[in-house]
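Notes for the one structure printed next.
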């Protein structure tokens, strides 16, 4: 984070990739600043480039051109190893389909990023318990994903995303697989997370989730076309 | 955590993992058996030849011991000549023949060995005493059983049958004074032994002072090869064969066993390798999304590689350990079948277990397990994260 509180600074981000013999321009020169503590929703029609943008913000995908700085780190141009380490230390991911490890318990799923970061077992157990309690799953530590509802799985995924205390939490359609009630629970959880200081960027089609964000960025055809602050 | 993930991934598809382990176990069993077969004959044949402490065997010139009916003349002179050498401590002349043996109304044919009891190395006495008088013999269980005879019984033996006179030739009445186990004979082969001179007399003028074979025991520390060479130069009627040479000749004759063992062993390894590669690849393909997520949350590429290769190695190693047990059981069974080969000494083991073989098999299989995991591990670890997650979401 810079002195002026700027956490994310994207300038002229482009992402082009070949598909069926043609070049697809998924993101075409996006510039975006996000300050620490902000809650940003990126909305737009399917195929407008919002997930591609999110992947670039999370160092999952490298921009074809442009510059991206997150938490003071120049992200574009990182090697695979550096990008992996960057994701581990600075970014938390929440996916539409939860993507928990089915063979691990809720506790072990949350422990996974901490184990990778080299945290000792006792410390990561304690933090995993704390996080699962925070997301309302204090009694479900030992359950495997198949023994949890969709909403519960997404809450475990959120706890996992928070494991290494990331500066930025990215969520791609986090309520996309949930019914209205459990989706509302996740929206409430995001709201609480943001009030507790977590910076959030969510990509969504869900109007309720978008309306919960303090700032809504509209994309169309790979560019930002509108922005609303609340 | 990677260990937990690898273990849990294997346990998640129990039936598949178990089948893979069983497949590897069968492959490992075959590999162990082939490694045992490749060395078993040579080692057990060597041990057998050396078991009685004779390092050199003398056969009629140009032949192998008991390979032909040819005999060596002037046996007593050969013994004296050999015993005159300072590096020789014992010489055991042996005459082989086929005799008709009668007890009551029962008549059978049997192999007969004429030896000198004090220096012989052809049999081990089980009961009774060694034959030293010219009317004494010792016999093995196969012969005594076939005749319905016991130690102490009187037997009639004959060297041959004259069809013109319709009578047996070289007939003698002998007494069984001991029960013995013949070291170099095949299981179930009926045999007896008697003093060398008795058998020479029974066989008639053509076998007077002749021997089929001499076994020579050298002084400790003597140079076997130079003694062998010197004996051959001194006694012109014999071919001298050291145990080492005999083993080499047996190896040459049975080289197809080794080739077969090598080919089948290689096939076993290849089958195990392909089995593990296929199963781990299938397993990885089912979990592409999981690996992409692990990468997305910051898990290093090397960890994914480690996890997948560990899964392959675990299947291979557990299968290999199970296969070693299975291999020993099948080797014992196959040995019992092959031991019934006519003419093969009972003591010869085709499949001889040596710890070195087990370690070699385990090492080869572990190496294969690691190699088998390389392709699926590389595939799992080198996925592009974004596109893989997109494809998984669409699927």
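The values are calculated or read from the model by the stated rules, or taken from the named source; none is laboratory data. Quantities reported herein were computed from a predicted structural model and do not represent experimental measurements. Counting neighbours? That spans all protein chains shown, and the Cβs are built from the backbone with ideal geometry, glycine included.
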Complete set of residues in the range A:160-204 that are under 13 Å from the mean Cα position of the chain (by Cα), over 19 Å from residue A:34 (Cβ atoms) and more than 12 Å from chain B (Cβ to nearest Cβ): A:175
Only one of (1) touching a strand residue (DSSP E or B) at 6+ places or on another chain (Cβ under 8 Å); (2) closer than 27 Å to residue B:250 by Cα; (3) in contact (Cβ under 8 Å) with a residue 60 or more places away in the chain does not apply to residue B:73, and that is (1)
By residue number, the members of the range A:34-69 that are within 21 Å of residue A:92 (Cβ to Cβ), touching a helix residue (DSSP H, G or I) at 6+ places or on another chain (Cβ under 7 Å) and more than 14 Å from chain B (Cβ to nearest Cβ) are A:39, A:41, A:42, A:43, A:68
Cβ-Cβ below 6 Å, separation at least six or inter-chain, first residue in the range B:4-22 and on the phi < 0 side of the Ramachandran plot and within 12 Å of chain A (Cβ to nearest Cβ), second surrounded by 14 or more Cβ atoms within 10 Å (Cβ to Cβ) and part of a loop (DSSP other than H, G, I, E, B): which pairs? B:8/A:103; B:9/A:103; B:12/A:103
Members of the range A:62-103 found to be crowded, with 20+ Cβ neighbours inside 10 Å and more than 18 Å from the chain's Cα centre (by Cα), listed by number: A:103
Go through the residues of the range B:284-291 one by one and say whether even a single one is out of contact with any helix residue (DSSP H, G or I) (no Cβ under 7 Å at 6 or more places or on another chain), surrounded by 17 or more Cβ atoms within 10 Å (Cβ to Cβ) and modelled with pLDDT under 90. yes
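Tell me, please, whether a residue that is more than 30 Å from residue B:94 (Cα to Cα) and crowded, with 17+ Cβ neighbours inside 10 Å can be found in the range B:13-20. Please lay out each step first, then the result.
So in the range B:13-20, the residues more than 30 Å from residue B:94 (Cα to Cα) come out as B:13-20.
Checking the rest, the ones that are also crowded, with 17+ Cβ neighbours inside 10 Å come to B:17, B:20.
Yes: the range B:13-20 contains one or more residues that are more than 30 Å from residue B:94 (Cα to Cα) and crowded, with 17+ Cβ neighbours inside 10 Å.
Of these, B:93, B:131, which one is touching a strand residue (DSSP E or B) at 6+ places or on another chain (Cβ under 6 Å), in contact (Cβ under 8 Å) with a residue 24 or more places away in the chain and in a loop (DSSP other than H, G, I, E, B)? Reasoning before the result, please.
On the way: B:93 fails: in a loop (DSSP other than H, G, I, E, B).
One residue alone meets the criteria, B:131.
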Can you tell me which residue is nearest to residue A:178 (Cα to Cα) among those in the range A:85-110 that are within 9 Å of another protein chain (Cβ to nearest Cβ) and in a strand (DSSP E or B)? A:93
Among the candidates B:315, B:241, single out the residue that is touching a strand residue (DSSP E or B) at 6+ places or on another chain (Cβ under 7 Å) and crowded, with 21+ Cβ neighbours inside 10 Å. B:241
Index of the failed condition, residue B:267 passing every other in (1) over 22 Å from the mean Cα position of the chain (by Cα); (2) surrounded by fewer than 19 Cβ atoms within 10 Å (Cβ to Cβ): (1)
Subset tally (residues that are out of contact with any helix residue (DSSP H, G or I) (no Cβ under 7 Å at 6 or more places or on another chain) and either farther than 20 Å from residue A:71 by Cβ or assigned to a helix (DSSP H, G or I) (or both)) for the range A:185-212: 9
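Results for (1) in a strand (DSSP E or B); (2) touching a residue at least 40 places away in the same chain (Cβ under 8 Å), shown as yes or no for each residue.
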site	(1), (2)
B:176	yes, yes
B:179	yes, yes
B:187	no, yes
B:197	no, yes
B:201	no, yes
B:206	no, no
B:215	yes, yes
